[in-house]
Amino acid sequence: MQVAIYLFKSSKTNLGYRCLLLSHPSSSPVYLDWNDALPVLRRAYDLGLFTMIIGPKGTGKTTLVRAFGAEIGRTLFPVNFSLRTRESHLIGTKTLENGGVGFVDGILVESMKLGGLLYLDELNAAEADVLLRLDEALDDRRQVVLKESEGQTITASKGWTVIATINPLSHVGTKELPPQLLSRFPVRLRLEYPPEEVEVDIIRRHTSIENSALASTRMGVKLANKLREAAAVEELYYSPSMRETIAFSKLIESGSEAKYAAQLVFANVYGQWGDVEYRKVMDMITSIFGN
Ligand SMILES: Nc1ncnc2c1ncn2[C@@H]1O[C@H](COP(=O)(O)OP(=O)(O)O)[C@@H](O)[C@H]1O
Ligand SMILES: [Mg+2]
């Protein structure tokens with residue numbers, strides 16, 4: 001059983017965000033709804049509309065959808081799209097059992113039958129034929145015909161809903177979604193990296209850093225934002241996500257020295273593009289953390 005508790009943050013930051021505590025240990029411990037995305041998802045859900053979330057990696061898209069699934073008490077059916085995702089993954093596959101032919105439902109069909117929350121992650125990494133099949137289920141009838149089986153028509157149970165995420169087109173392997181499919185998701189949320197102070201608050205939900213570790217975390221977030229800015233104007237090849245800033249703080253929390261932790265998490269990765277790129281980042285680290 002998952003229990004949702006809302007906390008309203010003081011108006012100190014003037015953001016008025018709230019967070020959602022999930023009792024399930026495997027869920028994200030706390031989702032900090034810093035840009036009021038949960039009420040938007042809720043409104044869309046109540047109106048029977050599907051939502052698309054657009055944003056770069058590590059901005060909290062998956063965590064947000066998980067928190068929302070818990071809020072509305074729907075089982076999450078996640079599909080992480082790649083070029084290898086096949087129609088059979090969504091629809092199902094024929095099986096041979098004891099000489100007879102059976103059918104194992106794919107994740108789309110299963111979610112429709114059970115009235116769950118279908119989470120289509122990185123939808124713009126999917127192949128066209130897969131998208132076409134999805135489109136069938138997402139139109140107003142909410143039906144899919146199992147031509148792979150015996151041609152039955154599956155109609156979605158009450159409460160069935162769909163949320164998709166797409167990465168910005170600059171990401172490797174992403175394609176433009178066909179406009180037809182895009183129109184199935186008329187509510188669009190953009191999730192960017194949060195303001196620095198909010199990112200620090202998010203990190204604090206994943207760690208118990210205080211005092212000097214907190215000060216180092218602030219510097220780490222500052223560095224991450226400089227790297228993101230540099231990547232946005234193509235001065236660097238890579239942009240660190242919140243996964244990295246959280247990892248950095250965890251290293252600090254476990255006793256790592258700040259500059260060394262910054263090198264491990266933020267600088268070394270640039271080595272794959274050569275020494276010049278790596279040096280550029282080390283210089284930024286030195287200017288923030290000292291020698
Ligand atoms: N608003 C938030 N509240 C709590 N944790 C967050 C928030 N945003 C991001 N995170 C954390 O940052 C990391 C990356 O988030 P994730 O949801 O996996 O991003 P995405 O799906 O956009 O790649 C996860 O550890 C996640 O728990
Ligand atoms: Mg994700």
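We did not get these values from a lab; they are worked out from the coordinates using the rules stated. All of these numbers come straight from a predicted model, not from anything done at the bench. Please note: Cβ atoms are built from the backbone with ideal geometry, for glycine as well, and neighbour counts cover all protein chains shown.
Once you place label points 7 Å from the Cα toward the Cβ at residue 148 and residue 196, how far apart are they in nm?
Calculated label separation equals 5.0 nm.
If you count, for each residue, the other Cβ atoms within 10 Å and average over each peptide, how do 217-229, 44-56, 276-288 line up from highest to lowest?
In descending order of packing, they fall as 217-229, 44-56, 276-288.
Applying a 10 Å radius around every beta-carbon, put 122-134, 97-109 in order of their mean neighbour count, most first.
122-134, 97-109
Count the net charge of all other residues whose Cβ sits under 15 Å from the Cβ of residue 104, scoring Lys and Arg as +1 and Asp and Glu as -1.
So the surrounding residues net to -3.
Check cross-link reach from residue 113 to the aspartates and glutamates: straight Cα distance under 13 Å, and skip same-chain residues fewer than eight apart.
Result set, ordered by chain and number: 105.
Between residue 104 and residue 72, what length comes free when the chain is fully extended (0.36 nm per residue of separation minus the Cα-Cα distance, one decimal in nm)?
8.8 nm
Tally Lys/Arg at +1 and Asp/Glu at -1 over every other residue whose Cβ is under 15 Å from the Cβ of residue 157; what's the total?
Local net charge: +3.
Looking at this model, which pairs from 94/158; 57/259; 175/259; 250/280; 226/250; 61/226 are more than 32 angstrom apart at the alpha-carbon?
175/259
If I take all pairs of Cα atoms in the chain, what percentage of them are more than 35 Å from each other?
29 percent
Give or take rounding to whole Å, what are the principal axis extents of the alpha carbon atoms in region 196-289, in descending order?
Rounded to whole Å, the extents work out to 35, 23, 20 Å.
For residue 113 and residue 272, calculate 0.36 nm times their separation in residues minus their Cα-Cα distance, and state this gained length in nm to one decimal.
52.6 nm
Over region 187-291, what is the relative contact order in whole percent, taking alpha-carbon pairs under 8 Å and six or more residues apart?
Taking the mean separation of contacting Cα pairs over the length of region 187-291, I get 25 percent.
What distance in nm separates the simple spin-label points at residue 218 and residue 286, each placed 7 Å from Cα in the Cβ direction?
The two pseudo-label positions are separated by 2.5 nm.
Relative contact order of the chain: what whole-number percent is it, with Cα pairs under 8 angstrom and at least 6 residues apart?
This gives 16 percent for the chain.
Kindly provide the helix-only [θ] at 222 nm of the chain, computed as the sum of -39,500 (n - 2.57) over DSSP H runs of four or more divided by all residues, to the nearest 500 deg cm²/dmol?
-11500 deg cm²/dmol
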